[in-house]
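Single-structure report; data block below.
The values are calculated or read from the model by the stated rules, or taken from the named source; none is laboratory data. Remember, predicted model here, so these are calculated numbers, not experimental data. All Cβ positions, glycine included, derive from the backbone under ideal geometry; neighbour counts span all protein chains shown.
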Amino acid sequence: MIPIEVYFFTAVFVFVLIALVRGFLKELGVTTIIVVALFLLAQFGSILDATIQKAMTVGVVQRVVPESVQGDPIRAMVYILFIIFAAFISYHGETLAFTGKPPKGGEGVFLTAMIGSANGYLIAGSIWYYLHEHGYPFAFMHLKVDDLSELAKNMIPYLPIPLLGQELMEGVVPGQTPLLYLMVILILLRVIR
């Protein structure tokens, strides 16, 4: 069994390679779309959960997995497919590229690698979070909550949704999360030239 953190770091590395090929300004566009998608999931996840529960109760969605399967594969699949769809949209075709001149030389490579690793962290980390949140329901991964290494257990609070999706001043202004501020900053950077 390969530890889940190896999958995570491998995915982040792949996103860094993709970023180095695509460039700094296109990767900022990807970051913007992913942050908006994660903000939507963080803010409206409870509504999505209620909708899935209602669909399962009414019989629109049947439980197609045996009861012996751990976790909740349907919810996990919905969240993960949403993240994958947002990543696909953000990387496919004409992207939301920022205008400007990318930095040259080592500075440009460093910034591009940093944005690529941030995108990898946001995408792979969110997928990991929803796998964890729903009990690692996919048997082919051979993962169980009890089997996680100490490093993986220590990393879970620092995944994107638990870290960036928490309300800053709980109860004061609902929905005020770091994802909200990051989303606003990225959109302003895109709009302001």
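Here is how the numbers come out for the structure above:
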read-out	value
Residues of the stretch 73-115 that turn out to be among the small types (G, A, S), part of a loop (DSSP other than H, G, I, E, B) and under 20 Å from L186 (Cα atoms), as a count	2
Candidate set: the stretch 72-101, residues that are under 27 Å from G125 (Cα atoms) and charged (D, E, K, R); chosen: the one modelled with the lowest pLDDT	E94
Test: residue in the stretch 150-157 that is within 14 Å of V35 (Cβ to Cβ), modelled with pLDDT of 75 or more and of a type outside the set (V, I, T)	no
Every residue from the stretch 50-63 that is at pLDDT 85 or above and not β-branched (V, I, T)	A50
Contacts under 8 angstrom Cβ, first residue in the stretch 151-179 being over 19 Å from I80 (Cα atoms), partner modelled with pLDDT under 75 and basic (K, R), 6 or more apart	none
Residue list for the stretch 149-166, filter: assigned to a loop (DSSP other than H, G, I, E, B) and under 12 Å from the mean Cα position of the chain (by Cα)	L159, G165
Qualifying position, being at pLDDT below 85 and of a type in the set (A, V, I, L, M), among V69, V6	V69
Residue that is farthest from A86 (Cα to Cα) [pool: residues in the stretch 120-139 that are of a type in the set (G, A, S) and in a helix (DSSP H, G or I)]	A139
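Residues are listed down the side, and each one gets a yes or a no for (1) among the acidic types (D, E); (2) surrounded by 12 or more Cβ atoms within 10 Å (Cβ to Cβ); (3) at pLDDT 75 or above:
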position: K104; (1), (2), (3): no, no, yes
position: G120; (1), (2), (3): no, yes, yes
position: V173; (1), (2), (3): no, no, no
position: L182; (1), (2), (3): no, yes, yes
